[in-house]
Number of protein chains: 2
Amino acid sequence: MDDSIAFDVFDRQCPSRGTLEHVTGRWGSLTLGALYESGSRFNELRRRVDGVSEKMLSQTLHALERDGLVHRDAQPTNPPRVDYELTPLGREVAERLLGLIRLVEGRMPEVLAARGRYDATRGSERAGRGGR
Amino acid sequence: MDDSIAFDVFDRQCPSRGTLEHVTGRWGSLTLGALYESGSRFNELRRRVDGVSEKMLSQTLHALERDGLVHRDAQPTNPPRVDYELTPLGREVAERLLGLIRLVEGRMPEVLAARGRYDATRGSERAGRGGR
DNA sequence: CTGTATCCTGCCGGATACTG
DNA sequence: CAGTATCCGGCAGGATACAG
């Protein structure tokens, strides 16, 4: 039988689109990347993912936990201690993500050069937003 | 010698962060994914990337072109014809991206199952936004 | 067909305060 | 420490109209 066609992220109706956005989103990718290198506690993560607010980190972690990519281990001690770590699926996703991140980081000289050329051509008209 | 430390996406000051966001962003990832399978013209892309508006597609393409990931080939014919295709660097990025996309699509059953469990536990309190 | 310009709204996400 | 609750400004991004 055919259970195919399955999930297509190019279809805006498909739930995979939402998950992809959780994973590739602004904070999702960095959070997964940070967790890949070592399981962490909340404020540890907050420090590694430079610039994230408490609110967004919390929100991001919940979304990733819900999608089964992150496991949350809360210990009812005092003071409370909570450890976050990737699930097996989360690891697989994070590996791809890290590959992408390393690639981008490694090729930034090329990117920067391309930007220079583009901006020179267009007399510094803006296209997309600069770079944050 | 040491030109190291180089680019670190975890640092919010680093320009690589901006590029990563162009690449993984809501429309960036889908646009690169669509372009990987075949160079396309504007409205062709618009159809493949279900849900994108003219404005956002245009904006996304410009950002990717500026970063040197997409090449724009405009022919001054009438009616005008413009072809977009990935640069070599763009291809490398898109490959990783596609790998990630395929992985997510293929594992959606697990993701959906995890969501079900999560929502059951939390009595349907919302965490992150559902899925869009 | 391939875009750009303009308007407008929703919601992303930062700041702050508070709880266990 | 580990979060949640609330407020609210800015901008992402959709709709529409227009241009080459």
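The values are calculated or read from the model by the stated rules, or taken from the named source; none is laboratory data. It should be emphasised that the depicted structure is a prediction, and the values quoted were computed from it without experimental measurement. Note that we place each Cβ from the backbone using ideal geometry, even for glycine, and neighbour counts take in every protein chain shown. Quick note on the areas: whole protein, heavy atoms, side chains included, nothing else; ligands and nucleic acids left out. Shrake-Rupley method; radii C 1.70, N 1.55, O 1.52, S 1.80 Å.
For B:Ser53, the solvent-accessible surface with a 1.4 Å probe is about 50 Å², rounded to the nearest 10. With θ taken as phi - 60° and the Karplus curve 6.51 cos²θ - 1.76 cosθ + 1.60 applied, the whole-hertz 3J(HN,Hα) list for segment B:116-121 is x, 4, 4, 5, 5, 4 Hz, x standing for glycine and proline. If you sort B:Arg66, B:Arg122 by accessible surface, 1.4 Å probe, largest first, the order is B:Arg122, B:Arg66. Three principal axis extents describe the C-alpha atoms of segment A:15-107; from largest down they are 45, 29, 23 Å.
Max-minus-min Cα coordinates of the protein assembly as shown on each principal axis give 69, 59, 28 Å, with the largest extent listed first. For A:Leu30, the shell of other residues with beta-carbons less than 9 Å away shows a net charge of +2, using +1 for Lys and Arg and -1 for Asp and Glu.
Take the Cα of A:Glu85, step 7 Å toward its Cβ, do the same at A:Glu110, and the gap between the two points is 3.7 nm.
Largest mean-square fluctuation among A:Ala63, A:Ala94, A:Ala74, in a Gaussian network model of chain A whose springs join Cα atoms under 10 Å apart, belongs to A:Ala74. As a length-normalised measure over Cα pairs under 8 Å and 6 or more apart, the relative contact order of chain B settles at 20 percent.
For segment B:58-70, putting each phi into the Karplus relation 6.51 cos²θ - 1.76 cosθ + 1.60 with θ = phi - 60° gives couplings of 4, 4, 4, 4, 5, 4, 5, 5, 4, 7, x, 9, 10 Hz, in residue order, rounded to whole numbers and with x for Gly and Pro. What separates the Cα centres of segment B:47-90 and segment A:47-120 is a distance of 28 Å. Measuring r between the beta carbons of A:His71 and A:Ala6 and using R0 = 25 Å, the FRET efficiency lands at 0.45. Here the dipole of chain A is about 760 debye; that uses its Cα centre as origin and unit charges on the Cβ of Lys and Arg (positive) and Asp and Glu (negative). Here's how it looks for A:Leu86: its modeled amide H is under 5 Å from those of A:His71, which are all 5 or more places away or on a different chain. Magnitude of the charge dipole for the protein assembly as shown, about its Cα centre and with charges confined to Cβ atoms of Lys, Arg (+1) and Asp, Glu (-1), is about 860 debye.
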